[in-house]
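Here the structure comes first, spelled out in structure tokens, and everything after it is commentary.
The values are calculated or read from the model by the stated rules, or taken from the named source; none is laboratory data. Everything numeric here is computed off the predicted structure, so don't read it as measured data. With ideal geometry, Cβ positions are generated from the backbone for all residues, glycine too; neighbour counts draw on all protein chains shown. These area figures cover heavy atoms from the full protein model, side chains too; ligands, DNA and RNA do not enter into them. Shrake-Rupley method; radii C 1.70, N 1.55, O 1.52, S 1.80 Å.
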Amino acid sequence: MYYSENTSIYLDGQWLKAGDAKVSLYNQSMHYGSGVFEGIRAYDVAGEAAVFKAEEHYERLLDSAKKMHIRCHYTVEQLTELTYELLDKNNLTDAYIRPLIFLGDNMTLYKVEEVHLFLCAWEWGKYLGDTLLNVMVSSYERPNPRAVPVEAKVTGHYTNSILATTEAKGKGFDEALLLDENGSVAEGSGANFFYEQDGVLYTPPLGNILPGITRSTVMDIAKELGYEVHVAYFPPEKVKGADGAFFTGTAAEVAGIGWLDGNPFKLAWEDTIGYQVAQAYQKLVRQPSRKPLTSA
Ligand code: PMP
């Protein structure tokens, strides 16, 4: 699903066939989760790939690396350039792009100087599907921000996400909503969270969540549409029985939620602010983005 015999990937300065790439089994990231990554989407705009907010994604990648003491020598411009090259080489326009920075061999728990960059892309539909989501409040909390930098997109953080989705799916739900260490709503396993009450959107503040690029795009869209967005801590009880709710993320885009712990939201999805925002988001991502000047 992710690659075929024709798929090209980028690894440390080389373009290789995905099946030919080799990594050492002794790399520190694989054993201890000390890698950083991104999830980016490109959209087909009149037959050309337009990478949505490439700069913001690569700034966040470099920031995640810095927070994990990982030295990355690539610039945002170089990474953007390589991304367009990757899409060209694979004839992809609508695609999900996965950059991963991982470390070299080291079985200690000390900082590693050897840093690797891997870029790949594949076609990926809507991550959370097209129907309204049946969500449960997870028994797993988001990681404590005093234990790890939760605002960094670190591979190891996703063990928390995998536990939460496994629990949710095992209980017959589609997705999990995770709380922070104080019992306030934080975010989904791989997406930020909003709910709607009396014509106003509410979303948790930064601190216990990944600062989602879709989250900030959605906040801008909602304001442009004339809606207020309140950034505030709230318990899950406030959300149950509210007017509407949705997740936001690069992979998920804007995904409507139908139920939280079995409680339906009051409005039909089509009558919510979330629905209007979802339509506007689909338009926005399909606007031409500027290719880097030096790109072939
Ligand atoms: N929270 C988590 C935990 C995520 O993994 C993601 C996906 N990157 C998001 C939020 C949404 O972030 P973005 O909108 O930048 O994709």
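Here are some notes:
- Sparse packing (at most 15 other Cβ atoms within 10 Å of the Cβ) combined with a DSSP loop state is found for the following chymotrypsin sites (Phe, Trp or Tyr not before Pro) in the stretch 57-132: Tyr110.
- For the stretch 8-122: relative contact order, % (alpha-carbon pairs under 8 angstrom, 6 or more apart): 38 percent
- Those trypsin sites (Lys or Arg not before Pro) in the stretch 208-296 that DSSP places in a loop and that have at most 15 other beta carbons within 10 Å: Lys266, Arg286, Arg290
- Distance in nm between pseudo-label sites at Lys17 and Ser216 (7 Å out along the Cβ direction from Cα): 4.1 nm
- From the alpha carbon centroid of the stretch 216-266 to that of the stretch 181-195 is 10 Å.
- 0 to 90° range, to nearest 10: angle between helix 273-285 axis and the chain longest Cα axis: 20 degrees
- Using the 1.4 Å probe convention, the accessible area of the stretch 206-296 works out to 48 Å² per residue with neighbouring protein chains retained.
- The angle separating the long axis of helix 76-89 from the principal Cα axis of greatest extent in the chain is about 80 degrees.
- The chain: angle of helix 54-67 to the longest principal axis, Cα-based, in degrees nearest 10: 80 degrees
- Computed extension gain for Glu141 through Tyr26, at 0.36 nm per residue and net of the alpha carbon distance, reaches 38.4 nm.
- With Rh defined as the Kirkwood radius, the inverse of the mean 1/r over Cα pairs, the Rg/Rh of the stretch 133-283 is 0.94.
- Carbon/sulfur fraction of accessible area - the chain, other protein chains in place, 1.4 Å, %: 52 percent
- For the stretch 8-122, the per residue solvent-accessible surface stands at 48 Å², with DNA, RNA and ligands left out and a 1.4 Å probe.
- Loop sites by DSSP among the GluC sites (Glu not before Pro) of the chain, restricted to those with at most 11 other Cβ atoms within 10 angstrom, leave 114-296 as the longest stretch without any of them.
- Subset of Lys171/Lys240; Lys53/Lys171; Lys22/Lys67; Lys53/Lys89 violating a 25 Å alpha-carbon distance limit: Lys53/Lys171; Lys22/Lys67
- For the chain, dividing the convex hull volume of the Cα atoms by the residue count gives 134 Å³ per residue.
- Looking at the chain, the DSSP beta bridges with both ends there are about 80 percent antiparallel.
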